[in-house]
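So the structure is just underneath, and the comments pick up after that.
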Amino acid sequence: MQLIESNPITSFEDLDLNPILVRTLKNQGIEKPFPIQAATIPDAISGHDILGRGQTGSGKTLAFGLSLLNTIFAMKSAPHRPLALVLAPTRELAQQINEVLHPLARSIGQDTVVIAGGMPYGKQVSALKRGVSILVATPGRLIDLLERNDVKLDSLVVTVLDEADQMADMGFLPAVKQILNQSKKDSQRMLFSATLDRGVDGLVRQYLRNPKQHSIKEIETSKGKMDHYVFVMKQQDKSSIAHQIASRDGKTIFFVRTQRGADRLTDNLAKVGVVAGALHGGKSQSVRTRTLARFKEEGSAVLVATDVAARGIHVDGIDLVVHYDAPADHKDYLHRSGRTARAGEVGRVVTLATQNEQRAMGGITMRAGVEAWVMAMTPMHQKLISITGAKEPSGIPVSQVAVNKVATASKPSPSRKFDKKNRNKRNRRKRFTAER
Ligand code: AMP
């Protein structure tokens, strides 16, 4: 396996990518490939299967995206028969991948569509009918459309599995296999995953042919850019400290373990004057989309997320990650922490640990390979202010109206009627729509 540490390639031209793609990237201000792109693109465009081990924020979307676009550059897709498929665990991630791929695809006369649950069928079905060439899909909805014969996968020339370990975690492996079984054995496959456990190794053995492996050393890359802190506090101080951190300027994300916990923290923040959005699988898709959009748009914003919902969060500019509830293990610690210090930015990661949790946190940070500063913390402690920018919240409750602003219902879709017809069928498929 090749470990990617330095980046001798200085331009996308050096990677033999189609000049139109290079120009479109340039227009977006993207000129120099990130290490994972420089390493994987040459192998991928020469047709090899790829096994990529990169943390989120490393630039893997463009790594597989540019490769697949280069491959299908001059091809034409037939109705219902796409040429390329990207599978992702959550609809948020699918949407974000699509935002990256869509303009590049349009620049070479190709098109993309997001195939995901919680969205109307109409637009997805008509794109397939039209002969859209690239699908960015979550497994559940794609299976639905396969069963309805709206899509055939026998013309796929390239399939990408993004965040395969997360798909495994969410119980999608049977669906992923069912999908892969419908593509040609000799078509190209690229699999990206932070880890190879939870059945991902089996997927690699079964579906990838002599893959070229590329790995970014997860811990090495995060060490330089992220500072880790474990604040040890009395249980009774935890809320005040969290509220003071949430009142800081900047983009902050709080991780909690349960949906209920997310709602509770969000409500408590509102009571002391901090507007925060809750992101979890118990919220409707329109609310989740708005919450995430608001978090992205605003310079200073607070998001309270569960682990599963946060898997789709790829937002730049998050400069503080707070583990409000301790993570389950070191992998969750790294996944959560990876929401900051994306794309070379600098970030801080703070864990709020009670005295009872201190020992367990020591084990988690050690296994994660990070050196964390451990310090006793009290409300408005000088260190709390200097490290996180904590402030006293106003104490003036945010009205429910303001909190609910993020939850404004979206306009009814014209395809609702069509959707209604399929609701029963979708309900049967609910096993695929776990908290996404
Ligand atoms: P990803 O890991 O694919 O989600 O990418 C993380 C961030 O890096 C995104 O904001 C990308 O727009 C950005 N990015 C990816 N590749 C490059 C590049 N070669 N140059 C500059 N920014 C990039």
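Odds and ends about this structure:
- Computed on region 2-210, with alpha-carbon pairs under 8 angstrom and 6+ residues apart, the relative contact order is 23 percent.
- Relative to the dominant Cα principal axis of the chain, helix 259-271 is inclined by about 50°.
- Pairs over the 29 Å Cα-Cα cut-off, from the set LYS251/LYS383; LYS129/LYS185; LYS32/LYS152; LYS76/LYS185; LYS185/LYS212: LYS32/LYS152.
- Per residue, the accessible area of the chain comes to 42 Å² when a 1.4 Å probe rolls over the protein heavy atoms.
- Value at 222 nm in deg cm²/dmol, rounded to 500, when DSSP H runs of n ≥ 4 in the chain each add -39,500 (n - 2.57): -11500 deg cm²/dmol
- Packing-based ranking, highest mean first, of 34-45, 229-240, 266-277 given that Cβ atoms within 10 Å are counted: 34-45, 266-277, 229-240
- Principal-axis tilt of helix 60-72 within the chain, Cα atoms, nearest 10 degrees: 10
- Cα-based helix-to-principal-axis angle, 121-130 vs the chain, degrees rounded to 10: 30
- Taking θ as phi - 60° and the Karplus parameters 6.51, -1.76 and 1.60, the scalar couplings of region 97-106 work out to 5, 4, 4, 6, 6, 4, x, 5, 4, 4 Hz in sequence order, x denoting glycine and proline.
- Charge dipole of region 2-210 about the Cα centre (unit charges at C-beta), most positive-ward option of LEU93, ILE179, VAL22: ILE179
- Distance histogram for the chain (every C-alpha pair counted, 20 angstrom bins, percent rounded to whole numbers): 25, 56, 19, 0
- Summarising the amide proton neighbourhood of SER247: residues at separation of 5 or more, or on other chains, whose placed amide H is nearer than 5 Å comprise LYS391.
- Solvent-accessible area of region 223-404 (1.4 angstrom probe, protein heavy atoms only): carbon and sulfur portion equals 50 percent.
- Each Lys and Arg adds +1 at its Cβ and each Asp and Glu adds -1 at its Cβ; summed about the Cα centre, region 44-169 shows a dipole of about 480 debye.
- Value of relative contact order over the chain, rounded to a whole percent, pairs C-alpha under 8 Å and six or more apart: 19
- Of PRO139, ALA74, GLN206, farthest towards positive along the dipole that unit charges on Lys, Arg, Asp, Glu beta carbons give region 2-210: ALA74
- Most to least packed among 291-304, 374-387 [average Cβ atoms within 10 Å]: 291-304, 374-387
- The dipole here belongs to the chain: it is taken about the Cα centre, uses +1 on the Cβ of Lys and Arg and -1 on the Cβ of Asp and Glu, and is about 2000 debye.
- Overall form of region 66-118 per C-alpha gyration tensor (a/c, 1.5; a/b vs b/c): prolate
The values are calculated or read from the model by the stated rules, or taken from the named source; none is laboratory data. As the structure is a prediction and not an experimental result, all values here were calculated from the model. Every residue, glycine among them, receives a Cβ derived from its backbone with ideal geometry; neighbour counts consider all protein chains shown. We work out accessible area using only protein heavy atoms, side chains counted, and drop any ligands, DNA or RNA first. Shrake-Rupley method; radii C 1.70, N 1.55, O 1.52, S 1.80 Å.
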